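One structure is given below, represented as structure tokens, and several questions about it will come after.
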Amino acid sequence: MIIRKAKISDAEEILEIYSPYILNTAVTFEYTVPSVSDFKKRVSHILSEYPYYVCEDMGRLLGYCYGARFMERAAFGWDIELSVYLREEAKGRGIGKALYGTLIDTAVLMNIKQIYALIARPNPESEGLHEGLGFKKEAVLKNTGYKFDRWIDLILYTKSVNTGKPVQPVINANKLNPALVDEILKKYTDMLN
């Protein structure tokens, strides 16, 4: 298995992983599966500024993760929201933890200060993953989304990084030192093998 940067050409297989979450779960608040063309635009948009990684095993993607801007206003520029999705058969193998670790370490390089995750409740697997990685449950946003004829709560998790360091401009993920990014990718790939 390897963890590597995602490419726009991965979009169709990434969408294949994501689609069951849309159709069968309240993990995402989307109702309909986007077209491959629209999804490629999403992947391209995130890749233009933020980290996007996949876990690949013998040419097949088992999961993916990405970071994206948390909110649009300028003062939120040092914040990032993370997401991770896995194929059903990939769960319980440490892939989610490795992908998230890759994102967190990349966020540190980018000079991010606050990492956020929004988790639809109930989701004990995701809650455990976040708590195990040092995220703190900050709030429960009651009845935030409506899907499958019911209201769904969101849990807001946070993780502070680069604490004690002066505020620095955020670095676009594409402008990070490639050798440092490769070290991160190798570290978490090694963790899986």
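The values are calculated or read from the model by the stated rules, or taken from the named source; none is laboratory data. What you are looking at is a predicted structure, and each value in this text was computed from that prediction instead of being measured. Counting neighbours? That spans all protein chains shown, and the Cβs are built from the backbone with ideal geometry, glycine included. When the accessible area is computed, the model is the full protein with side chains, heavy atoms only, and any ligands, DNA or RNA have been set aside. Shrake-Rupley method; radii C 1.70, N 1.55, O 1.52, S 1.80 Å.
Does the range 152-184 hold any residues that are open to solvent by 60 Å² or more (accessible area, probe 1.4 Å), among the small types (Gly, Ala, Ser) and in contact (Cβ under 8 Å) with a residue 12 or more places away in the chain, and which are they?
Ser160
Determine whether the range 110-118 contains at least one residue that is in contact (Cβ under 8 Å) with a residue 12 or more places away in the chain, of a type in the set (S, T, N, Q) and surrounded by fewer than 19 Cβ atoms within 10 Å (Cβ to Cβ).
yes
Continuing with the same structure: Of the residues that sit in the range 26-51 and are in contact (Cβ under 8 Å) with a residue 60 or more places away in the chain and not aliphatic (A, V, I, L, M), which one is most open to solvent (accessible area, probe 1.4 Å)?
Tyr31
When only residues in the range 1-13 that are in contact (Cβ under 8 Å) with a residue 60 or more places away in the chain and not basic (Lys, Arg) count, which is nearest to Ala98 (Cα to Cα)?
Among residues in the range 1-13 that are in contact (Cβ under 8 Å) with a residue 60 or more places away in the chain and not basic (Lys, Arg), the one nearest to Ala98 (Cα to Cα) is Ile3.
Sticking with this one: Suppose the filter is touching a Leu at 6+ places or on another chain (Cβ under 8 Å), open to solvent by 10 Å² or more (accessible area, probe 1.4 Å) and either touching a residue at least 12 places away in the same chain (Cβ under 8 Å) or within 27 Å of Asn24 (Cα to Cα) (or both); does Gly101 pass it?
Criteria not met by Gly101.
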